[in-house]
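Each remark here refers to the structure printed beneath this line.
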Amino acid sequence: DFSIGAVKVQNQTLGLVFSEDLNLYFSSFDGIFGLEFGGKPETGVDGLLRSKALPANIFAFYMPLDEREPGEISFGEMNPARFTGDFQWAPLRPGMYNKWTVSLLGVQLCDGDSCESVSKCSVDRPCAALIDSGTTLLVAPGHEVASITRRLPVDQGCRSLPEQNLRFVMGDPKKPVVVDLTPEQYIEKDLFSPGSCALSWIPMGTSTGRTPLFVLGDTMMRHLYTVFDVDNHRIGMARYGGLCGGGSFFLCPCAAVRPVIVAAEWCIATKPRQFAHTVSWPGSQRQLHSPVAMVLRHILASLGRILPKKK
């Protein structure tokens, strides 16, 4: 049995780890709580669904921009203090091994109203995009990453940034979800060495048969309040709201660098209530999670970087 928040799950299947690879050895966490559903073996989310104790079969992520601030995952309900405006919803792509996959209709570079496609993904031949909180960066097949990096030269010394936004078009072509990331959001600073800049893309041989698979990880999710809806088989995204003052009701400006997925210029926030099914984790130095963690750590090791020792 285990408990999460006020919910107790009985007869939960657990997997016991007898040895760790480098991906877990150099990480600060002690285990994995699976967020997949409807497969075998049973995951943590499957156990919560089976308990029938949640108000709704959803869970939502808040990943703060300030790594010193606690993050949050809410089971069974959304936290209205964490988002503003309307949600955009993308239906899950059927027949995928990982359920939390949507159709990717395009990847574009946009300068104002002018956009250029930098991917073979299209409405006629959509790619697959896994929305994954366990991946730190953005992952795509090598030829897709090469196409993007050719059009986005990055000054490794961080003296200047590109001017284009990186746009993802996802979901239903009749009502697509459009997410723009600014250069400040899709370029990682201090990733390989202090004072360096690099694109948040990692090439991997990811595909689902003939369909190219992208993995959109924390690079995107830490700028959006993201809701995973089990019953309606969809993923929702909204712009971060926030508590930027005192009292029980206040009006505050929304940061212009947040992804532009709604037109609102102001956030209306109320004092947050206590959620029975909300779990917070402490702010800390960001870890690199799979599938890119192994690749990056091997690169760092090959460059002679000294990796932290496990205590």
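The values are calculated or read from the model by the stated rules, or taken from the named source; none is laboratory data. This is a predicted model, so every value here is computed, not measured. Note that each Cβ is placed from the backbone with ideal geometry, even for glycine, and that neighbours are counted across all protein chains shown. Surface areas here come from the heavy atoms of the whole protein model, side chains and all, with no ligands, DNA or RNA. Shrake-Rupley method; radii C 1.70, N 1.55, O 1.52, S 1.80 Å.
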I'd like to compare 60-69, 1-10: which one has the highest average count of other Cβ atoms within 10 Å, and what's the full order after that?
60-69, 1-10
Which residues does a label at LYS175 reach in segment 80-108, if reach means a backbone N under 14 Å from a point 7 Å past the Cα toward the Cβ?
86-92
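Can you order the peptides 217-228, 110-121 by their average number of other Cβ atoms within 10 Å per residue, highest first? Walk me through the intermediate numbers first.
Details: 217-228: 22.3, 110-121: 14.4.
So the peptides 217-228, 110-121, ranked by packing, come out 217-228, 110-121.
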Report the net charge of residues surrounding GLN12, where surrounding means a beta-carbon distance below 15 angstrom and charges are Lys +1, Arg +1, Asp -1, Glu -1.
0
Cα centroid separation - segment 85-101 against segment 46-63, whole Å
16 Å
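What's the ranking of 80-87, 163-170 by average number of surrounding C-beta atoms within 10 Å, highest first? Spell out each step's value before the answer.
On the way: 80-87: 18.6, 163-170: 21.9.
Most protected by this proxy first, the peptides run 163-170, 80-87.
In debye to the nearest 20, how big a dipole does segment 99-219 give about its Cα centre with +1 on each Lys and Arg Cβ and -1 on each Asp and Glu Cβ?
Working: 11 positive and 14 negative charges, 95 e Å.
For this selection, approximately 460 debye.
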Say the dipole of segment 154-216 comes from +1 at the beta carbon of Lys and Arg and -1 at that of Asp and Glu; which of LEU216, VAL169, GLY157 then lies farthest toward its positive end?
VAL169
Sum of side-chain charges, LEU35 neighbourhood, beta-carbon under 11 Å (Lys, Arg +1; Asp, Glu -1)
-2
Accessible area in the full protein assembly, largest first, 1.4 Å probe, for ASP229, ASP21
ASP21, ASP229
Going from most exposed to least, what order do GLU42, GLU20 have by accessible area with a 1.4 Å probe?
GLU20, GLU42
